[in-house]
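Everything below concerns the one structure shown next.
The values are calculated or read from the model by the stated rules, or taken from the named source; none is laboratory data. Bear in mind that the values here come from a model prediction, so they are computed numbers and not experimental data. Please note: Cβ atoms are built from the backbone with ideal geometry, for glycine as well, and neighbour counts cover all protein chains shown. Calculation scope for accessible area: heavy atoms of the full protein, side chains included, ligands and nucleic acids excluded. Shrake-Rupley method; radii C 1.70, N 1.55, O 1.52, S 1.80 Å.
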Amino acid sequence: MKVYDSVADALACVQSDQTIMVGGFGLIGAPLTLIDGLIEQDANGLTIISNNLGEKGEGLGLLLQQKKVRKAIGSYFTSNRDVGDAYQAGELEIQLLPQGTLAESIRAGGAGIGGYYTKTAVGTDLAKGKETKMINGIEYVFEEALRADVALIRAHKADTLGNVVYYKTARNFNPLMATAADHVIVEVDEIVEVGQLSAEEIVTPHLFVDGLVVAKKVLTKGGIVNHDKQREYTNVNR
């Protein structure tokens, strides 16, 4: 595990045509500093696994505007009108999953499970082309597990070993994604010494973490601000 001073260095592992998991629900719990770094990268043709593609002109929405996203796998794309426009123009492929199915597919990927059967989406367009099976007289649809080359996640604190804790709703998709990628980069507000985090509060153990960076942007009730101004606001993204 390495602590990076440079976001660009932390993201050197990201290559074109890779699959990238990005934590967050809307902009809540999104790794905004790492996303900014991704915007500066030359990597394109990316498959992004995330609940949504940010907002229009914010977060992953900026990456979409750069036309670096080839495919989006997620649940809630309607908050960003650019997603629908890109899809209608044939510039973006979308794989839509119910939100619980998205979470379970990521969890399965992290647990080494190839896939699972669920009743969700049976009989709908979302089940078209997928295997179905009758179990105890009930129809289920098979969903494949999801994994990524790289996961970009947001947390509150980490120690220098890479143990991670989260703050409130930032604990959405982030802990699951930390288990389901080959390389995991965590953006945090603060890095502390080993022993300063209690074992009870650690959610993501260090064995899942490959790199740490300190956040330069945070989401507050007043909008996205630079990290050095965060104390002026009530932080909702830690």
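Annotations
- Per-residue Karplus couplings for the range 134-148, computed as 6.51 cos²θ - 1.76 cosθ + 1.60 with θ equal to phi - 60°, are listed in order as 8, 10, 6, x, 10, 7, 10, 10, 8, 10, 6, 5, 10, 9, 9 Hz, Gly and Pro entered as x.
- Converting phi to 3J(HN,Hα) with the Karplus coefficients 6.51, -1.76 and 1.60 and the offset θ = phi - 60°, the range 79-93 yields 6, 10, 4, 4, 5, x, 5, 5, 5, 5, 7, x, 8, 9, 9 Hz in sequence order, with x at every glycine or proline.
- The simple spin-label model puts a point 7 Å past each Cα toward its Cβ; for Val194 and Met134 those points are separated by 5.7 nm.
- Backbone N within the range 83-118 under 15 Å of label point (7 Å from Arg70 Cα along the Cβ vector): 91-95
- Label point at Ser79 placed 7 Å out along Cα→Cβ; residues across the range 159-188 whose backbone nitrogen lies under 18 Å: 167-177
- Taking 0.36 nm per residue of sequence separation and removing the Cα-Cα distance, the Val122/Leu161 pair yields an extension gain of 9.7 nm.
- Solvent-accessible area of the chain (1.4 angstrom probe, protein heavy atoms only): carbon and sulfur portion equals 47 percent.
- Each stretch of four or more DSSP H residues adds -39500 (n - 2.57); spread over every residue of the chain, this sum gives -4500 deg cm²/dmol at 222 nm.
- Qualifying aspartates and glutamates (Cα of each under 17 Å from Cα of Lys2; at least 8 residues distant if same chain): Asp159, Asp182, Glu187, Asp189, Glu190, Glu193, Asp210
- Placing pseudo-labels 7 Å out from each Cα toward the beta carbon at Lys168 and Lys56 gives an inter-label distance of 2.7 nm.
- Amide H contacts of Gly115 (H built 1.01 Å from N, in plane; Pro and chain starts excluded): Ala145 sit under 5 Å, all sequence-distant by 5 or more or on other chains.
- The range 20-41 and the range 64-109 have Cα centres separated by 14 Å.
- Scattering curve values for the chain, log₁₀ I(q)/I(0), Debye with Cα scatterers, q = 0.16 Å⁻¹: -1.11
- Taking a sphere under 15 Å around the Cβ of Pro98 and counting the other residues whose Cβ falls inside, with K and R at +1 and D and E at -1, yields a net charge of 0.
- In summary, the convex hull built on the alpha carbon positions of the range 1-136 has an orientation-averaged projected area of 9.7 nm².
- Cα-based reach from Lys67 at 19 Å (exclusive), listing lysines while leaving out same-chain residues under 8 positions away: Lys56
- Charge context of Asp85, other residues only, Cβ under 13 angstrom, K/R +1, D/E -1: +1
- Taking amide H positions as modeled 1.01 Å from N, with prolines and chain starts lacking one, the residues under 5 Å from Lys217 and 5 or more places away or on another chain are Thr33, His227.
- For Glu55, the amide hydrogen comes within under 5 Å of the amide hydrogens of Leu60, Gly61, counting only partners 5 or more places away or on other chains and with H modelled in the peptide plane.
- Backbone phi angles across the range 116-124, fed through the Karplus curve with coefficients 6.51, -1.76 and 1.60 (θ = phi - 60°), yield HN-Hα couplings of 7, 9, 9, 7, 4, 5, 4, x, 10 Hz in residue order; Gly and Pro are listed as x.
- Working from label points 7 Å from Cα in the Cα-to-Cβ sense, the Glu91 to His183 distance is 2.7 nm.
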